[in-house]
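Novice: Take this structure first; my questions come after.
The values are calculated or read from the model by the stated rules, or taken from the named source; none is laboratory data. The structure presented is a predicted model; accordingly, all values stated were derived computationally and were not measured. Note that each Cβ is placed from the backbone with ideal geometry, even for glycine, and that neighbours are counted across all protein chains shown. With ligands, DNA and RNA removed, areas are computed over all heavy atoms of the protein, side chains included. Shrake-Rupley method; radii C 1.70, N 1.55, O 1.52, S 1.80 Å.
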Amino acid sequence: VTPDQLVPLPAAFDYAQGAAFFAAHGTAWHALHDRAQIKPGEVLLVHGAGGGVGLAAVELGKVFGATVIACASSEEKLEVAQRRGADHGVLYGREPFKDAVKRITDGRGVDVVFDPVGGEIFEDSLRCITWGARLLVIGFTGGVGVAKTNLVLIKGASVLGVRAGEAVRKNPALGVTRQQDLTRLANERRINPNISHRLPLEDYAAAMRLLIDRRAIGRVVLTMR
């Protein structure tokens, strides 16, 4: 690699944590800080909160002073999200998350939606937002969602695409600031990637299977012997 592709290892991290750190937290930082410009006191809804990017969004949401509602597909994933700072947990399948959000916020809705899932999740998120909400499109593992323009208009909402890597290629200064701020937060032990599995490099197929079967919580790391 070239020197400009290297970043310092936070002093509190081992190499596995370093390997799992910057991609997920970099995406979450760009989404919440650069795109949504989230403010203290706002309410953040994080979908897929048991994944690496989702957990990073939970941690950074708390760093930025938001109230965080974490949505996940299992109790175990919700427990990890709540240990990482989530104020409320919503289990997909227990009740429609849009109903849970309205209950938690007393009908107000959320200010920011962090969505790496897409599909129906994205579409239903439009029904539990407040005025001026920002919906962050991180990915679409659950399919491509449709933004109903009437709901966007009525709520004065914004739908924002998030491409952290491309943003840095367009504006390298963003990457310098992001690296400095994330490294500082890591050294202050305010953020830390959750690694649910560490496997030797030769077990890469088993590692991929953990992701495909949605058994990973946070990150899966391949280690060198």
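Novice: I'm checking my understanding of the structure. Among residues of region 182-225 that are touching a strand residue (DSSP E or B) at 6+ places or on another chain (Cβ under 8 Å) and in a helix (DSSP H, G or I), which one is nearest to ASP14 (Cα to Cα)?
Specialist: LEU201
Novice: Being more than 8 Å from the chain's Cα centre (by Cα) and open to solvent by 10 Å² or more (accessible area, probe 1.4 Å) is the filter; apply it to region 42-58 and report the residue that is farthest from ILE138 (Cα to Cα). First the steps, then the outcome.
Specialist: Filtering region 42-58 down to residues more than 8 Å from the chain's Cα centre (by Cα) leaves 42-45, 50.
This time we only want the ones that are open to solvent by 10 Å² or more (accessible area, probe 1.4 Å), so: 42-43.
Values: GLU42: 19, VAL43: 18 Å.
Checking each candidate, the answer is GLU42.
Novice: What helices (runs of 4 or more DSSP H), lying completely within region 58-164, carry at least 1 residues that are in contact with a Lys or Arg (Cβ under 6 Å, 6 or more places away or on another chain)? Spell out the reasoning first.
Specialist: Numbers: elements: 75-83, 97-104, 119-125, 149-154.
Filter on region 58-164 gives 97-104, 119-125.
Novice: Let me ask something additional. Among the residues of region 6-25, is any touching a residue at least 40 places away in the same chain (Cβ under 8 Å), open to solvent by less than 40 Å² (accessible area, probe 1.4 Å), within 24 Å of LEU91 (Cβ to Cβ) and in contact with a helix residue (DSSP H, G or I) (Cβ under 7 Å, 6 or more places away or on another chain)?
Specialist: Yes, region 6-25 contains a residue that is touching a residue at least 40 places away in the same chain (Cβ under 8 Å), open to solvent by less than 40 Å² (accessible area, probe 1.4 Å), within 24 Å of LEU91 (Cβ to Cβ) and in contact with a helix residue (DSSP H, G or I) (Cβ under 7 Å, 6 or more places away or on another chain).
Novice: Next up: Within region 88-104, restricting attention to residues that are open to solvent by 10 Å² or more (accessible area, probe 1.4 Å) and aliphatic (A, V, I, L, M), which residue is nearest to the chain's Cα centre (by Cα)?
Specialist: Taking region 88-104 first, the residues open to solvent by 10 Å² or more (accessible area, probe 1.4 Å) are 88-89, 91-99, 102-104.
Restricting the remaining residues to those that are aliphatic (A, V, I, L, M) gives 91, 104.
Values: LEU91: 16, ILE104: 20 Å.
Taking the candidates together, the pick is LEU91.
Novice: With the checklist (1) in contact (Cβ under 8 Å) with a residue 60 or more places away in the chain; (2) assigned to a strand (DSSP E or B) in hand, flag the one item GLN179 doesn't pass.
Specialist: (2)
Novice: Kindly provide the set of residues from region 105-160 that are acidic (Asp, Glu), open to solvent by 30 Å² or more (accessible area, probe 1.4 Å) and in contact (Cβ under 8 Å) with a residue 12 or more places away in the chain, ordered by number.
Specialist: Of all residues in region 105-160, those acidic (Asp, Glu) come to 106, 111, 115, 120, 123-124.
Then keep just the ones that are open to solvent by 30 Å² or more (accessible area, probe 1.4 Å); that gives 106, 120, 123-124.
Correct list: GLU120, GLU123, ASP124.
Novice: A further question follows. State whether the residues of region 180-195 include one that is of a type in the set (Gly, Ala, Ser) and surrounded by fewer than 21 Cβ atoms within 10 Å (Cβ to Cβ).
Specialist: no
Novice: For region 142-180, enumerate the residues that are among the charged types (D, E, K, R) and either over 17 Å from the mean Cα position of the chain (by Cα) or modelled with pLDDT under 90 (or both).
Specialist: The initial filter retains those residues of region 142-180 that are among the charged types (D, E, K, R), namely 148, 155, 163, 166, 169-170, 178.
LYS148, LYS155, GLU166, ARG169, LYS170 - these are the residues of region 142-180 that are among the charged types (D, E, K, R) and either over 17 Å from the mean Cα position of the chain (by Cα) or modelled with pLDDT under 90 (or both).
Novice: For the list (1) within 22 Å of SER73 (Cα to Cα); (2) more than 17 Å from the chain's Cα centre (by Cα), I need the number of the one condition that ASN192 fails.
Specialist: Exception for ASN192: condition (2).
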